[in-house]
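Worksheet for the structure shown next.
The numbers here are math on the coordinates, done by the rules we state, and not lab data. Source: prediction; values computed, not measured. Every residue, glycine as well, gets a Cβ built from its backbone with ideal geometry; the counts of neighbours run over all protein chains shown.
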Amino acid sequence: MSGVGTKKVYEDDRLIVWHLDLAPGEHGAKHTHRLDYLFKVVSGSTLEVYGPKDELLDTVELEAGGAHSFHIIGDEIHGDTPGYPVVPATHSAKNVGTETFREVLVEFKR
């Protein structure tokens, strides 16, 4: 299983910062979120979200400049953005858009 981003860029006793890049058509590695987190979209695109058994769960359009925060509740991720789908903590994403998707993700250690 992979980390929650493409590259870990910072870590201290309170948080971990990741960069995530997905080129058009790229399917990111399956990973598991264990910490509450937020992300800021640097370059938006359309992503398909896949569950732990590689089943398609939902499609989300993420726009540049948007920010979203999430809480881990059991084995699920619950977003603070109204209408954002609840997804399993273990999942992957595929960029089905035409632009490279880029985000900065911050995990909050408990």
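Summary of computed values
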| quantity | calculated |
| --- | --- |
| Amide H contacts of Ala89 (H built 1.01 Å from N, under 5 Å, at least 5 apart or other chain) | Glu76, Ile77 |
| Cβ-defined net charge surrounding Val86, 10 Å radius [Lys, Arg +1; Asp, Glu -1] | -2 |
| For peptides 74-84, 28-38, sequence by mean Cβ density within 10 Å, most packed first | 28-38, 74-84 |
| Net charge over other residues, Cβ less than 13 angstrom from the Cβ of Ser69 (K, R count +1; D, E count -1) | -3 |
| Thr32 versus Glu63: modelled label distance in nm, points set 7 Å from Cα along the beta carbon direction | 3.6 |
| 5 angstrom amide H check on Glu26, placed H, neighbours 5+ away | Asn95 |
| Equivalent ellipsoid, segment 7-108 (semi-axes from 5 times Cα gyration tensor eigenvalues, Å) | 19, 17, 13 |
| Local electrostatic count, Leu38, Cβ distance below 14 Å [Lys/Arg +1, Asp/Glu -1] | -1 |
